[in-house]
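Computed from the coordinates by the stated procedures, all read-outs in this text should not be read as laboratory data. The structure displayed is predicted, hence computed values, not measured ones. Glycine also receives a Cβ, built like all others from the backbone with ideal geometry; neighbour counts cover every protein chain displayed.
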Amino acid sequence: MYQSFIGLEVHIHLLTKSKVFCGCRSAFGDEPNTNVCPVCMGYPGVLPSLNIEAMRMGCTVARALNCRIPEQTWFERKQYFYPDMPKNYQISQFASPLGQEGYVDLTGKHSKKRVRIKECHLEEDAGKMIHTGTVSLLDYNRAGVSLLEIVTEPDMESGEEAELFIQQLRRTVRYLGVCDGNMEEGSLRADANVSINLPGRGLGRKVEIKNLNSSRFVRLGLNYEIKRQGELLDQGKELIQETRLWNENRDQTEPMRTKENAQDYRYFPEPDLPVFVPDAAFRASVEATLVELPGARVERLEQDYGLGREQAELICDEKALADYFEAALAAAGAQGFDTRDGAGRIANWLLTDIKHILSREGIALSRIGTFRLSPQRLAMLVVMVARGQVSMKNGKQALERVIAEDKDPAALIREAGWEQLGDPVQIGKAVEAVYAAEAAVFDQIRAARAEGNQKRQRTLTAYLVGRVLEQTGGRADPKIAAAQIESLTSSGARQRV
């Protein structure tokens with residue numbers, strides 16, 4: 001049995017409007033080689049200029065990961081040749097990254113684990129190579145885009161822990177509004193470093209898995225690599241330090257190149273950029289951009305409103321959805337409704353009916369703020385159902401019409417004649433009609449009661465309540481209808497209701 005050591009290097013594209021060292025547009029999907037200039041193309045004599053917003057966003061992520069922002073930070077040139085890096089070096093950070101010595105607490109279903117963050121450093125991204133047959137095409141639009149690299153210590157032990165880290169980090173940067181987290185577009189991607197050794201022997205020989213573009217591939221690639229390395233050691237073979245790629249078609253890692261060491265890059269200070277000294281005003285602006293992070297928000301929704309863990313996690317998965325939920329809850333509270341009761345009801349509507357409607361209409365949860373159903377209207381509808389002013393069935397119908405017709409729920413329910421019927425006399429007439437049509441079912445309920453078969457009794461009663469609702473256009477109060485059915489079946493003889 002071997003001990004595994006996993007560290008991640010996660011790269012995120014910061015949502016700056018322009019690139020990190022020039023004024024070119026930073027956008028995904030534009031025509032190839034249209035967002036370029038002499039600076040990002042590395043022409044002789046050009047001078048880079050730091051995008052302060054990229055630095056601010058980078059420091060915001062660092063603080064959210066509990067990192068320390070140093071008194072001063074600077075950039076270095078990382079020397080290497082790649083066809084997609086026109087300058088033949090990359091402006092990056094090495095000796096004094098913008099974020100240092102942080103941590104993240106991974107919260108799983110049954111455990112919590114702390115993963116140390118070694119550093120967060122800002123750099124420019126490379127371009128994109130497109131291989132087609134024997135030809136390679138180069139798109140330099142991405143060259144120079146603001147890229148933040150988050151490096152962990154080797155504190156994780158399985159692909160599942162690494163996958164959870166990626167998922168938590170993705171939610172965090174989306175909450176902060178600094179990255180869209182679209183792994184399929186390459187705006188968040190990971191390199192994974194893994195080594196194994198006998199327990200107590202420390203780190204083994206490191207292997208890197210490059211450019212993993214989904215949290216699932218991170219899990220699969222690491223678990224495969226741990227198994228592969230273990231089998232080699234069991235055979236008495238020596239592991240080599242190398243970089244490998246994940247082949248998603250074969251579900252295996254494959255060799256790419258031998259692994260470089262830091263000294264191979266010959267870092268030296270970038271002569272064209274001054275040392276950056278974050279003053280008090282800059283630090284204050286970073287702190288001002290911090291928000292309540294998803295993990296903390298989940299715990300607050302559990303504690304303050306009594307939501308279950310799973311419900312709270314689903315609601316907090318997207319900041320826009322969590323904001324919508326709390327706005328609806330505040331609106332329900334303004335109507336005098338108990339917030340703990342309202343929280344569960346609103347969560348149920350959000351995670352079932354409304355989520356289904358959003359999916360049907362092609363609206364992402366992150367764009368729920370553009371939805372025609374405002375939080376205030378949802379709150380009104382939920383409160384009316386909870387107070388018995390409209391049945392659940394008619395409430396669901398009203399939901400669809402409120403969205404389709406852009407109307408106030410209370411006005412729409414009045415116009416449709418859907419107000420709940422609570423008059424026992426009128427409901428009694430409907431029960432009498434159902435009795436006349438379904439006398440055999442009433443007899444079956446009496447028989448089930450005599451046999452002590454409560455489950456069958458409940459099933460048959462629910463069926464009859466449904467028939468009463470049909471008689472009243474869904475308006476009868478189900479509780480009153482059920483009580484009257486109970487009265488009719490509690491004795492052998494029929495009793496008028």
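Annotation note: trypsin sites (Lys or Arg not before Pro) in the stretch 132-205 located in DSSP loop regions with a Cβ neighbour count of at most 16 within 10 Å are R201, R205.
Peptides 428-436, 289-297 ranked from most to least packed by the mean count of surrounding Cβ atoms within 10 Å: 428-436, 289-297.
This ranking places L198, L15, L301 by how few other beta-carbon atoms lie within 10 Å of each, fewest first, which gives L198, L15, L301. Mean residue ellipticity at 222 nm, helices only, the chain: -13000 deg cm²/dmol; runs of at least 4 DSSP H residues each add -39,500 (n - 2.57), and the sum is divided by the number of residues. Phi-derived couplings, Karplus 6.51 cos²θ - 1.76 cosθ + 1.60 at θ = phi - 60°, listed residue by residue for the stretch 89-102: 8, 10, 7, 9, 10, 9, 6, 9, x, 6, x, 9, 6, x Hz, with x used for Gly and Pro.
What shape does the stretch 1-57 take by its C-alpha gyration tensor, where a ≥ b ≥ c are the square roots of the eigenvalues and a/c under 1.5 counts as rounded, a/b above b/c as prolate, and the rest as oblate? Prolate, because a/c is 1.5 or more and a/b exceeds b/c. Taking other residues whose beta carbon is less than 10 angstrom from the beta carbon of V402, and scoring Lys, Arg as +1 and Asp, Glu as -1, yields 0. Amide hydrogen proximity for S187: with H placed 1.01 Å from N in the peptide plane, the residues at 5 or more positions away or on another chain lying under 5 Å are N182. Compared with the dominant Cα axis of the chain, that is its longest principal axis, helix 52-64 is turned about 60°.
Taking K407 as the anchor, which lysines have their alpha carbon closer than 26 Å to its alpha carbon, excluding any fewer than eight residues away along the same chain? Straight-distance partners of K407: K355, K393, K396. With Cα atoms defining each centre, the stretch 58-72 and the stretch 325-390 are spaced 36 Å apart in the structure. Footprinting exposure proxy ranking of M41, M1, fewest other C-beta atoms within 10 angstrom first, gives M1, M41. Amide H contacts for G99 (H built 1.01 Å from N in the peptide plane; partners 5 or more residues away or on another chain; cut-off under 5 Å): C120. Within a straight-line Cα-Cα reach of under 21 Å, K227 can be paired with the following lysines, leaving aside sequence neighbours fewer than 8 residues apart in one chain: K206, K210, K237, K259.
Along the stretch 336-342 the Karplus relation, 6.51 cos²θ - 1.76 cosθ + 1.60 evaluated at θ = phi - 60°, assigns HN-Hα couplings of x, 8, 4, 5, 5, 5, x Hz to successive residues, with x for each Gly and Pro. Counting only lysines at least 8 places from K17 when in the same chain, those with an alpha carbon closer than 20 Å to its own are K128. Ordering Y140, Y2 from the fewest to the most neighbouring beta carbons within 10 Å gives Y2, Y140. Would you work out if the stretch 111-253 is rounded, prolate or oblate? Take a ≥ b ≥ c from the square roots of the eigenvalues of the alpha-carbon gyration tensor; rounded if a/c is under 1.5, else prolate when a/b is larger than b/c, oblate otherwise. Judged from the Cα gyration tensor, the stretch 111-253 comes out oblate (a/c at least 1.5, b/c at or above a/b). With a/c under 1.5 counting as rounded, go ahead and sort the stretch 294-416 into rounded, prolate or oblate using the C-alpha gyration tensor (a ≥ b ≥ c being the square roots of the eigenvalues; past the cut-off, prolate if a/b is larger than b/c, else oblate). It comes out oblate by the Cα gyration axes. The distance separating the Cα centre of the stretch 395-412 from that of the stretch 239-303 comes to 47 Å. The distance linking the stretch 105-180 with the stretch 415-454 is 60 Å (Cα centroid to Cα centroid, whole angstrom). Evaluating 6.51 cos²θ - 1.76 cosθ + 1.60 at θ = phi - 60° for every residue in the stretch 461-473, the Karplus couplings come out as 5, 4, 4, 5, 4, x, 5, 5, 4, 4, 5, 10, x Hz, glycine and proline recorded as x.
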